[in-house]
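Take a look at the structure below.
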Amino acid sequence: MIQTILQFFEGVSPAWTTILIAAMPIVEVRGAVPVALELLHLPVALAMLYSFLGSLIPAILLPTCLEIVEKPLRKQFLIVDRFFVWVKHHVEHRYTDKYRTMGALGLIVFVAIPLPMTGVWTGALAAWLFLIPKRYAIPAIFVGTALATLIVTGATVGGFALFRAVV
């Protein structure tokens, strides 16, 4: 998969490749940092910076865009309205109490944990579903992204150093 992504970005500078990979759903910082360090040979500080900046793109755009397109889509398509009602009811029923007890810290931790189905994209969607005001959600996602960048960079540098020592 990484080779396919790199072929897509062939001819693009390593900085922009890292930024764009970090902005992609699922891949995000978890994929951008290792690619930047090991395949694009960027210095650690630049790999972290570009990965962090790339992850900020969906952190800013998603809450804003979802807010803008929700109402027209709901008015235009009955099935979309039903879907939004179901999702919001489901999320509120299952997770609202948990969110209220953790607050913004919960969103920070959720974005910071470098596991599948966590991260900027899912955190932004969760913030939108929970109706968290953007003035709280976006900074929380920024902090979570910064922590995720540190965690992934440490794991990548340490993991590859260990691998090279063994081999």
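FYI, it's all coordinate maths here, none of it is from the lab. Everything quoted here is computed from the prediction, not taken from an experiment. Backbone-built Cβ (ideal geometry, glycine too); neighbour counts: all protein chains shown.
Listed by position, the helices (runs of 4 or more DSSP H) enclosed by segment 1-63 that each have at least 2 residues that are without any contact (Cβ under 8 Å) to a residue 12 or more places away in the chain are 2-8. Considering segment 35-51, the residues that are of a type outside the set (A, V, I, L, M) and surrounded by 22 or more Cβ atoms within 10 Å (Cβ to Cβ) include one that is nearest to Thr149 (Cα to Cα), namely Ser51. Every test in (1) under 21 Å from the mean Cα position of the chain (by Cα); (2) over 18 Å from Gly144 (Cβ atoms) is passed by Trp86 save one, and that test is (1). Taken over segment 116-131, the criterion of being over 12 Å from the mean Cα position of the chain (by Cα) and either under 19 Å from Leu53 (Cβ atoms) or surrounded by fewer than 22 Cβ atoms within 10 Å (Cβ to Cβ) (or both) is satisfied by Trp128, Leu129, Phe130, Leu131. Can you spot a residue in segment 1-17 that is surrounded by fewer than 18 Cβ atoms within 10 Å (Cβ to Cβ) and in contact with a Pro (Cβ under 8 Å, 6 or more places away or on another chain)? Checked against the condition, which is being surrounded by fewer than 18 Cβ atoms within 10 Å (Cβ to Cβ) and in contact with a Pro (Cβ under 8 Å, 6 or more places away or on another chain), segment 1-17 yields no hits at all. Only one of the numbered conditions (1) of a type outside the set (Asp, Glu); (2) under 25 Å from Gln7 (Cα atoms); (3) touching a Gly at 6+ places or on another chain (Cβ under 6 Å) is not met by Ile108, and that is (2).
Inspection of segment 150-162 finds no residue satisfying the criterion of being over 19 Å from Tyr50 (Cα atoms) and either under 17 Å from the mean Cα position of the chain (by Cα) or outside any helix (DSSP H, G or I) (or both).
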